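Everything below concerns the one structure shown next.
Read-outs: derived from the displayed coordinates by stated rules, not from any lab. Predicted model, so just to flag it, every value in this text is computed and none were measured. Virtual Cβ from ideal backbone geometry, glycine too; neighbours counted across all protein chains shown.
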């Protein structure tokens, strides 16, 4: 077992899909994920949740939390397992934003990096989007608040309730990717 992962999933017939998109909202403690199916202009919810790298019983630091290396391993293994389970055809991830705390930005970049490596190892092209692009695609304004993103994700995917914040952000990444031209978005 590679840490604690929580997700909600609905059984869907995947055989007829045009694209299965795995969206990732990276974090060094909690990495959100969202999986949607795109069939033409129709988007269908497949699953979402969080990879919780901070709540596991592995090697710990002096503070009693998993070491950064252990957290990165948990994130990598979690993303790899999602790829194996859902067989996405496309992978999208949020870009690193400039944080006030350089240490936090570095940790976020490392978490993002291991998620990208898991996708690359599986042969998936990686597309990246800024937080502003994601909010613009989902809410209609790049300055949207988290609650607005959660509400619109729930509305777009016809979910019965608002998803957890990190999962909603990851679903928003996937929705953004589904609605955005891939030209200029694929990492090389």
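Prolate is the label for segment 110-171, because the ratio a/c of its alpha-carbon gyration tensor axes (a ≥ b ≥ c) is 1.5 or higher and a/b is greater than b/c. The value for segment 4-179 of Rg(Cα) / (2.2 N^0.38 Å) is 0.98.
Highest mean packing first, where packing is the average number of other Cβ atoms within 10 Å per residue, the peptides 109-120, 64-75, 156-167, 42-53 line up as 42-53, 109-120, 64-75, 156-167.
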